[in-house]
Each structure stands twice: as C-alpha cells, then as structure tokens.
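Only one structure is covered here, and it is reproduced in the block below.
The values are calculated or read from the model by the stated rules, or taken from the named source; none is laboratory data. All values reported here derive from a predicted model rather than from experimental measurement. Every residue, glycine among them, receives a Cβ derived from its backbone with ideal geometry; neighbour counts consider all protein chains shown.
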Amino acid sequence: MMGSGTECTVRQVSSEWLRIGRRLLYVEPWMAEANARGDVFLAGRYNYLGELDSVGHWHPIGQDGDILGAYLPHDGPPRIVASPFPEIRVGTIRAVPDGPRSWFVVFVEAVQKPNGLPSDSAKALWSGRYDGSRWSQLERLPVPSGAVFWSEQGASLVRRADTLIWAVVKKPGYGLLMFQRQANRWTFTENRVFLADADVHSGEELVLGVVQADPAIAEGDGNSLLLWTRRPTWQILHTVVPGRRERVYRPSIREYRNRSIITWQTPNQTDDRGGWEMHAMVAADPSVESPVFIVDSVNSGSRPETPVFMADGRPLWITDHRGPDGIAQIQFAVYDPATGSSEVRARFANPFVTPFMPVVLPDRDVLISGAHYENQSYVVSVLQRYRLRCAERTAARSPGLTPIPGIRHP
C-alpha cells in the first residue's frame, strides 16, 4: 500500500558481469561499502578469477586465497582487491568509509579445515586500511587468552566521532567482546552473557542488539531480542521481542533521524517451504517498546540486509522475497513516516543463485552484487544497478504499488 506522504519509483538501469579486463571475477556477496566518491569495495570469503578460452571453457587463475574482493571505482574499470594475507582464510568482513577515498576494514581469520576451507571458528581478528590500491595499518586485535570466536559472526563496524567500535561473539556463545579503536589503539571489554548473535549501533548513545535468553524469564526462553547500552557500564535497556512470541535471528540496528531502526528475521510459521519473515521497528527511544511491522512476509532466510539509507535519509530494505510458487524476487520496501511502517515499492525477478548484497551510492542509485552460474560450469558476479527516486506526493493516488513498465506486481 502506498503511504500518504511520498511517492517512489524504481527501475533497473544496468546489469553486467564483473570483468577484470578480459577475465571474469566472482566475489562472494558478503560485504559492500561505498565511499563518499561513489567507489565501492566488495569483499567475500570465496572469490574466483578465471578466463574463457576460444570454445568457452573456464580456466581458473591464481589461488582462491589471493583475492579478497573487488574495487569498483566510480570513474574507471574494476580492479582486484588482493588479500593482505593470502595464506589465511577469511571469515566475517566489515568496513566503514575512512575519508573520501578509502575504508577502514576489520576481518576474521578463520581456522582452516584439512581441505583448506574455512571452519566456523576464528583463529585471529585483524584490522587495516584500504585505499583502492594498497593496504596499510594492518594489525592484529588483542583478545583474551584462549578465546575462540565464530568466524562468520561479527557485528557491524561503526564509527562514533574518532572511535571505531566492533563486536564479536565468542564461541559457543558464552560472551561478547566489544572492541574499541581510539588514538590508533584497539582495546576490548568482555560481556559474559550467553548469546547467539549481536549488532551494534552508534547514535546519541551506543546501543547493542543481542539475541539471548531473557533474564527476566525464569526458564524456557531463547532467541529473545534485547537492547543493551553503556552508561558507563553495559546494562539492559529492555526486551524488544520476547522469544516466546517469536524467535529472533540476525538482528541489525541503524539510525534514522535520531531514531533506531531495528530489523530481524523470524521463521514463517505458515510457510511449508521453510520461509522466513523480516520484521522491524522504528524506535524514537530505544528503552521504550515501539510497534513492530513486517518488512517482508516471505523471504529465503539469507542474511537480512540492513536498512539502506538514501541520500535524503529515507530507509530502504532490499530483500530476497519469495513470490507465488516460490519465485525468487528482489523486493524494494521504503519506510514511510506517515504510516509508521514499510511500503513495498517494487519487485523484480531475482537472477542470483546465492544471497545478494546491495549498497547505496552517493547519487542514491542502488548497486546489487550476486552470483550467476553460466551453463552450470562457472560462476561470475553480476552487478545490477537500480534507480529509486522518492518525492512528496502532489495528488491523490489509488493504493497499490507504483506502476513500473516491465515489472509484474502482485
């Protein structure tokens, strides 16, 4: 349903394979961040470079660990992001822009399995700076002696003034390490609560979303979503979602006009294909309960993409919606303050065979990276660009999705 105050249109403007010269590159869509110029840093755990011969046969080039991702400059051809440590296997990767041309990056070094693939355990935590051509300021983060972490779990990396903040879950869930980098030095504090997942957000105060058992419930609780804050020590603000009402997975927290946007996934109890729902709330005061609304009624359960912020500050969710008969779709939903909920603006056919990763560019276009299997013989990244424009509505319109040529609406 359209909101009463705004009108949005979405259209696809391009779709192309990720090429490095004449070669084809696949970057697992795990992380995508744009800097102020519009350059994009793509990174993943499994990345492959190859070329086709004259009869279309695929030939890999180099080793998997040599490549961490791709650098997509706003005014030139894509380039490979070489791994700073080719001998290690990378787990979770997070980044934030660091000036107009570079990023500050944190990543997990995963314990390698006998077959060379990364396991679900972390061996070390690293940080560094990448400027589109080289790495600098590489350093290993301090951790408690004997601590083991999940290699695929790590909160968003956030900047608070001149301080960087990152949270990592200890394995098998007995605690959380909150890292802080200030004056070129990493320190950490440890929270010994038993938890399953977490995300951190820096607004007027530091807020941590934690999936854990609610201590206010005597027994039988699990996968509740609680908000914590530091005043100056960590304490519980309140329970956002009790696990007995719905089980919470993969939370994310972002800021919107001095309010917190909290997004999470929960199993869809009525979908016999094992689908998930994505829920959210917008809280003016994180310590006060706010209404919950549905962002996506049925999606595949891949990583929920956090609300993506347009240049005018309008939150946008891009999800892997599952339409009628299980048809995969890319869904665009925008938060409308007039209704206090999200409004679906468009759905497109989803060409990707794995979870995709969106990023919003400074010109407000959306770039989505995902995997494409060509003739079931090799995989390549596909980059799709979408244009979303919203404006105040000047005349009454009938409810429904904005009509977009070539897009079939439910």
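Looking at the stretch 363-372, which of the residues that are at pLDDT 90 or above and surrounded by fewer than 20 Cβ atoms within 10 Å (Cβ to Cβ) is nearest to residue 47 (Cα to Cα)? Looking at the filtered set, the residue picked out is 372.
Taking the numbered list (1) in contact with a strand residue (DSSP E or B) (Cβ under 7 Å, 6 or more places away or on another chain); (2) crowded, with 17+ Cβ neighbours inside 10 Å in turn, residue 46 passes all entries but (1). Residue 194 fails exactly one of the following numbered conditions: (1) of a type outside the set (A, V, I, L, M); (2) modelled with pLDDT under 80; (3) assigned to a loop (DSSP other than H, G, I, E, B); (4) more than 25 Å from residue 162 (Cα to Cα). What is the number of that condition? Single failed check for residue 194: (3). Every condition in (1) loosely packed, with under 14 Cβ neighbours inside 10 Å; (2) out of contact with any helix residue (DSSP H, G or I) (no Cβ under 9 Å at 6 or more places or on another chain); (3) closer than 30 Å to residue 100 by Cα; (4) of a type outside the set (S, T, N, Q) is met by residue 60 except one, and the failing one is (3). Every listed requirement among (1) in contact (Cβ under 8 Å) with a residue 24 or more places away in the chain; (2) not in a loop (DSSP other than H, G, I, E, B) is met by residue 59 save one, (1). The condition of being hydrophobic (A, V, I, L, M, F, W, C) and outside any strand (DSSP E or B) holds for only one of 332, 352, 348, that being 352.
With respect to residue 120, determine if the residue is of a type in the set (D, E, K, R) and more than 17 Å from residue 45 (Cα to Cα). When the stated conditions are applied, residue 120 does not pass them. Would you check which residues across the stretch 133-163 are in contact with a Ser or Thr (Cβ under 8 Å, 6 or more places away or on another chain), buried (at least 18 other Cβ atoms within 10 Å of the Cβ) and under 22 Å from residue 37 (Cα atoms) and list them? Result: 156, 158.
Checking the stretch 90-104 against the condition returns no match, with no residue being surrounded by fewer than 17 Cβ atoms within 10 Å (Cβ to Cβ) and either within 15 Å of residue 380 (Cα to Cα) or touching a helix residue (DSSP H, G or I) at 6+ places or on another chain (Cβ under 8 Å) (or both).
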